[in-house]
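Before any comments, here is the structure.
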Amino acid sequence: DQQVKQNSPSLSVQEGRISILNCDYTNSMFDYFLWYKKYPAEGPTFLISISSIKDKNEDGRFTVFLNKSAKHLSLHIVPSQPGDSAVYFCAASAQAGKSTFGDGTTLTVKP
Amino acid sequence: EPEVTQTPSHQVTQMGQEVILRCVPISNHLYFYWYRQILGQKVEFLVSFYNNEISEKSEIFDDQFSVERPDGSNFTLKIRSTKLEDSAMYFCASRRDEVSGANVLTFGAGSRLTVL
């Protein structure tokens, strides 16, 4: 039972354009959703989070949108930069318990 | 900036051998985790540790696995008798003790385990 899914294994965008990464979940008990970024040979690093009581959270070029009725969240990166090229993981947790990760989406931003 | 450090960065072992992976979490963090990522697959939860005991573990974390925090700083993952399918990148993570919040984890760079 995969509770957090990222259906797109890869995404390629042009520098300066918007990158949209998607994530779906099944467990309605999740109360926090997070995005992590991972470069090769490094551990995941926290990017941005959103509480289940909100529908949007913004931090600079990064915005996360949450649609609870659809059990869907997305990460928007605007404008995309070549340094954003990495694997992006969606994660979710319930009541400060363990985080459950999606499969990851590899983002490539072309100059 | 505080970081989680893991050793070794890469370990090659023979099937059936014992392996110990070590982690030094951030000093004021109270929750500790091990996750693993098999090549090309997702990051999977193994175990969480709080107040010197396991707080949650996954189905993967069977009797072959154990964790301990022997000296108040190091947090170790032991695999008693490694199998080929234990080959993966093992990530240690820690977080502060927050009653509520986003449960943000700080990860180490990982220890790559190769079982031959």
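The values are calculated or read from the model by the stated rules, or taken from the named source; none is laboratory data. These numbers come from a predicted model, not from an experiment. Heads up, the Cβs are rebuilt from the backbone with ideal geometry, glycines too, and the neighbour counts pull from every protein chain shown.
Counting the residues of the stretch A:4-36 that are more than 11 Å from chain B (Cβ to nearest Cβ) and surrounded by fewer than 20 Cβ atoms within 10 Å (Cβ to Cβ) gives 18. A single member of B:VAL19, B:VAL43, B:VAL4, B:VAL47 is within 11 Å of chain A (Cβ to nearest Cβ), surrounded by 14 or more Cβ atoms within 10 Å (Cβ to Cβ), within 15 Å of the chain's Cα centre (by Cα) and over 17 Å from A:LYS38 (Cα atoms), and it is B:VAL47. Restricting to the stretch B:35-71, and then to whatever is among the small types (Gly, Ala, Ser) and not in a loop (DSSP other than H, G, I, E, B), can you tell me which residue is nearest to B:PHE91 (Cα to Cα)? The qualifying residue nearest to B:PHE91 (Cα to Cα) is B:SER48. The residues listed here are A:VAL109, A:VAL78, A:VAL87; of these, the one that is of a type in the set (A, V, I, L, M) and either exposed (fewer than 15 other Cβ atoms within 10 Å of the Cβ) or at pLDDT below 95 (or both) is A:VAL78. State whether the residues of the stretch B:107-115 include one that is touching a residue at least 24 places away in the same chain (Cβ under 8 Å), surrounded by fewer than 17 Cβ atoms within 10 Å (Cβ to Cβ) and of a type in the set (Ser, Thr, Tyr). Within the stretch B:107-115, one or more residues are touching a residue at least 24 places away in the same chain (Cβ under 8 Å), surrounded by fewer than 17 Cβ atoms within 10 Å (Cβ to Cβ) and of a type in the set (Ser, Thr, Tyr).
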